[in-house]
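S.K.: Got a structure for you, questions after.
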Amino acid sequence: MTVPISALQRNAAVVVRRVAASGVAEEITDRGRVVAILAPPSRVEGLERLRQAGAVRPAKPGRLVDVIEAAGDVPDIGLMDALTEQRDTER
């Protein structure tokens with residue numbers, strides 16, 4: 001469906017509610033030319049959206065165990081002690 005920009009200006013809330021309820025995008029026109037598309041958000045959210053965009057990839061099985069084993073014994077110190085130690089080595 002197309003909506004003239006003048007109608008959008010007068011009835012923006014109605015148009016937005018219609019798109020939200022129907023889930024169908026509407027074209028906004030200015031003098032008969034499409035200038036924008038008002039569309040509902042993608043149903044894909046969060047991590048799945050990042051996967052589809054190629055921003056993240058699934059972990060490879062067994063990798064975390066390998067890293068933990070390679071780290072060996074990790075000293076049992078508190079966060080504040082670790083920060084103090086890091087600051088002392090940087091000076």
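S.K.: State the number of residues belonging to segment 32-91 that are among the small types (Gly, Ala, Ser) and either on the phi > 0 side of the Ramachandran plot or in contact with a helix residue (DSSP H, G or I) (Cβ under 9 Å, 6 or more places away or on another chain) (or both).
M.R.: The initial filter retains those residues of segment 32-91 that are among the small types (Gly, Ala, Ser), namely 32, 36, 39, 42, 46, 53-55, 59, 62, 70-72, 78, 82.
Next, only the ones that are either on the phi > 0 side of the Ramachandran plot or in contact with a helix residue (DSSP H, G or I) (Cβ under 9 Å, 6 or more places away or on another chain) (or both) stay: 32, 36, 39, 42, 46, 54-55, 62, 72.
Going through segment 32-91 one residue at a time, the tally reaches 9.
S.K.: Just wondering, is there one or more residues in segment 5-18 that are touching a strand residue (DSSP E or B) at 6+ places or on another chain (Cβ under 7 Å) and surrounded by fewer than 12 Cβ atoms within 10 Å (Cβ to Cβ)?
M.R.: no
S.K.: Further question: For Ile28, only one of the following conditions fails: (1) within 30 Å of Ala7 (Cβ to Cβ); (2) under 25 Å from the mean Cα position of the chain (by Cα). What is its number?
M.R.: (2)
S.K.: Could you grab me the full set of residues in segment 31-79 that are under 30 Å from Met1 (Cα atoms), surrounded by fewer than 10 Cβ atoms within 10 Å (Cβ to Cβ), of a type outside the set (Gly, Ala, Ser) and within 20 Å of the chain's Cα centre (by Cα)?
M.R.: If the condition is that a residue be under 30 Å from Met1 (Cα atoms), surrounded by fewer than 10 Cβ atoms within 10 Å (Cβ to Cβ), of a type outside the set (Gly, Ala, Ser) and within 20 Å of the chain's Cα centre (by Cα), then Pro41, Arg43, Glu45 are the ones that fit.
None of the figures in this text is laboratory data; all of them are computed from the coordinates on show. These figures come from a predicted structure and were not determined experimentally. Using ideal geometry, Cβ is built from the backbone for each residue, glycine included, and neighbour counts are taken over all protein chains shown.
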